[in-house]
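To keep things clear, I will list the structure first and then write my remarks on it.
The values are calculated or read from the model by the stated rules, or taken from the named source; none is laboratory data. In this text the structure is predicted, and so the values were computed from the model without any measurement. What goes into the accessible areas is simple: the full protein's heavy atoms, side chains included, and nothing from ligands, DNA or RNA. Shrake-Rupley method; radii C 1.70, N 1.55, O 1.52, S 1.80 Å.
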Amino acid sequence: MSPVVVLVGPPGAGKTTVAESLAERLGVPFRDTDQDVEAGEGVSVQDIFIDHGEAHFRALEERAVAAALSGHDGVLALGGGAVLSAATRELLRQHRVIFLDVSLPAAVARVGMNGNRPLLLGNVRAQMKNLLDQRRPLYAEVARFTIVTDDLDAAHVTDEALTLIKEDR
């Protein structure tokens, strides 16, 4: 069992929205590893960060990603920081991965002051810039394809992703 496609990218790129849309259009299940972690722990990602710290969350996330990659046959959206794990990046090499890229201005506009994103508390623009600078090379490393989502709505990103999936068979 293996996902049809895995979506990676930073907060604000549209991973969950596009994954849900893609799954619906392909007639396959949707799964989001952040939701898997929340279901397993019974609390939100934000609460895990606050109560146990980022390292604890990353360990839970790494296990959730590994389980989803081996046990899900639909569309999979990964949390934005999943690529920080070398073990996760290694596993992703065996899968069709689409990097949903987004520029700094577009990402900041999309996430705004969302309190559900614990790594973006404080100066959202500065935090997002640091996050993009750190993670963009890792997203590119694992991706077979990249879609820049800045000027596209979710329907257009879904259309582009479907085209890439069909061409990659």
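Close amide H pairs (under 5 Å, H built 1.01 Å from N) link Val148 with Asp101, residues at least 5 positions away or on another chain. Scalar couplings 3J(HN,Hα) for segment 50-57, obtained by applying the Karplus form with A = 6.51, B = -1.76, C = 1.60 to θ = phi - 60°, are 5, 7, 10, x, 5, 4, 5, 4 Hz; x denotes Gly and Pro. Annotation: extensible slack from Ala87 through His56 equals 9.6 nm (criterion: 0.36 nm per residue apart, minus Cα-Cα distance).
Taking every protein chain into account, the accessible area of the chain amounts to 47 square angstrom per residue (probe 1.4 Å). When Asp159, Asp51, Asp32 are compared by accessible surface with a 1.4 Å probe, the order from highest to lowest is Asp51, Asp159, Asp32. Residue by residue, segment 67-83 carries 3J(HN,Hα) couplings of 5, 5, 5, 9, x, 10, 10, x, 9, 10, 9, 9, x, x, x, 4, 6 Hz when phi is fed to the Karplus relation 6.51 cos²θ - 1.76 cosθ + 1.60 (θ = phi - 60°); x denotes Gly or Pro.
How large a share of the accessible area of segment 1-97, in percent, is made up of carbon and sulfur atoms when the probe is 1.4 Å and the other protein chains stay in place?
Summing carbon and sulfur atoms, their accessible area is 47 percent of the total for segment 1-97.
Each residue of segment 28-35 was assigned a 3J(HN,Hα) from its phi angle through the Karplus expression (A = 6.51, B = -1.76, C = 1.60, θ = phi - 60°), giving 10, x, 10, 8, 10, 5, 5, 5 Hz with x at Gly and Pro. Placing His156, His56, His95 in order of accessible area, with the largest value first and a 1.4 Å probe, yields His156, His56, His95. Here the chain carries DSSP beta bridges of which approximately 0% are antiparallel, counting only pairs with both residues inside. Compute for segment 14-98: radius of gyration divided by Kirkwood radius, i.e. Rg/Rh, restricted to C-alpha atoms, rounded to two decimals. Result: Rg/Rh = 0.97.
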